[in-house]
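Heads up: the structure comes next, in structure tokens.
The values are calculated or read from the model by the stated rules, or taken from the named source; none is laboratory data. This one's a predicted model, so the numbers in the text were calculated from it and none came from an experiment. Positions of Cβ are generated from backbone atoms using ideal geometry, with glycine treated the same way; all protein chains shown enter the neighbour counts.
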Amino acid sequence: MGVVYLVKDRRLHRLVALKLLRNMGPEVASSGARSRLLAALEHECIVRLYEFGSPATTPTCLMEYVPGVTLATRVSWEHRASSKPLRIATDISPRAAGSAPARHRSS
């Protein structure tokens, strides 16, 4: 869906994640209502969206930077350690499911 870069916001002097969205249709570039909805979400399992841009070539998302490893990396570690990557899913799923009320309150 895209590629994410770690960049420094020069105005606010903080690290942020810049996601370049690839292969997205024109509806993504013009989805102001959707980006306002995403920016309003607050939950520990949802990364904050600071800004959504739609330059002529590639739509971008400026998001909260959360230090750590990717889910794919964590699953590979777990798989090598115990051959039970499903344990990660059982750790993460209840917290991620808890974000549903936050999504529904915002709509």
Please tell me if P59 is within 24 Å of V7 (Cα to Cα) and modelled with pLDDT of 75 or more. yes
The correct count of residues that are in the same structural domain as Y5 (by TED's automatic domain parsing), more than 15 Å from K19 (Cα to Cα) and of a type in the set (D, E, K, R) in region 41-77 is 2
Pair list, Cβ under 8 Å, 6 or more apart: region 40-54 residue farther than 15 Å from Y65 by Cβ, other residue part of a strand (DSSP E or B) and modelled with pLDDT of 80 or more: L41/L49; F52/T60; F52/C61; F52/L62; G53/T60; G53/C61; G53/L62; S54/T60
